[in-house]
Amino acid sequence: MSLEHSSNMIENQNFHIVKDTVITDEKGRLNLGTVAKAKSYRVLINDAGQILLDPVVNIPERELWIWENSVARTSLEVGVKQASSGELHDLGSFTQYADLEIDE
């Protein structure tokens, strides 16, 4: 993937130098220090050899469908906004159903 095609992934261009020079070890690893501690990154490289580290988080595969289904994701986002603004409808307790056997 060229950086040219993924420029919309870059939130802003306000980069600053973390280290002036880092040297890879014999296995190609870089030590970026605490700025990159315990994070996961997608690594992009452009034709000039510049490397961009894009922080990512992993989600369980069983939850991937919500990110792939824009209708479901939009519905979820609306529901979260409604709930956070107090737009709720109390349907009472569901404890009476707690011991029901569910056929899957």
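Filtering the range 44-58 to residues that are touching a Phe, Trp or Tyr at 6+ places or on another chain (Cβ under 8 Å) and in contact (Cβ under 8 Å) with a residue 24 or more places away in the chain leaves only 54. The residue that is farthest from the chain's Cα centre (by Cα), among those in the range 34-80 that are assigned to a helix (DSSP H, G or I) and under 22 Å from residue 10 (Cβ atoms), is 35.
Pairs meeting the criteria (first residue in the range 59-81 and more than 24 Å from residue 39 (Cα to Cα), second residue part of a helix (DSSP H, G or I), beta carbons under 8 Å, at least 6 apart or on different chains) are 72/65; 72/66; 73/66; 73/67; 76/66. Among the candidates 73, 42, the residue that is outside the structural domain of residue 17 (by TED's automatic domain parsing), surrounded by 10 or more Cβ atoms within 10 Å (Cβ to Cβ) and of a type outside the set (Asp, Glu) is uniquely 73.
The values are calculated or read from the model by the stated rules, or taken from the named source; none is laboratory data. From a predicted model like this one, the values you see are computed outputs, not experimental measurements. All Cβ positions, glycine included, derive from the backbone under ideal geometry; neighbour counts span all protein chains shown.
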